[in-house]
């Protein structure tokens, strides 16, 4: 099950993804991405610290989220945990080149 918690202040949006970003839930998240990104934010921080699992569909949803943020001139950042699968996906995709924050 996936839960999305969003907190937006004047310039920054914090989006915590909690649970599993896999399968049907990942597809539903991807379809709703445009409703999640605050078009007025300067930065979107996606917090994956409480993610349990992610599959390729979920990862593709993160790539689409990054694109949506950048289409609105928002800086996109990911805060990731030490899960080796997350780290490998981020490294291979180069999503971690933006401003990856990690608890290493």
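Every number in this text was worked out from the coordinates using simple rules, so none of it is lab data. This structure is a prediction, so every number in the text was calculated from the model and none was measured. Every residue, glycine as well, gets a Cβ built from its backbone with ideal geometry; the counts of neighbours run over all protein chains shown.
In the range 1-83, Cα pairs under 8 Å separated by at least six residues give a relative contact order of 33 percent.
Grab the alpha carbons of the range 1-40, take their convex hull, and tell me the volume per residue in Å³.
It comes to 51 Å³ per residue, whole-number rounded.
One compactness figure for the chain is 0.96, namely its Cα radius of gyration divided by 2.2 N^0.38 Å. Residue order for 33, 6, 78, 24, fewest other beta carbons within 10 angstrom first, comes to 24, 6, 33, 78.
With the helix formula -39500 (n - 2.57) applied to DSSP H stretches of n ≥ 4, the chain reaches a computed 222 nm mean residue ellipticity of -11000 deg cm²/dmol. Between residue 43 and residue 11, the modelled labels are 0.8 nm apart [label points 7 Å from Cα along Cα→Cβ].
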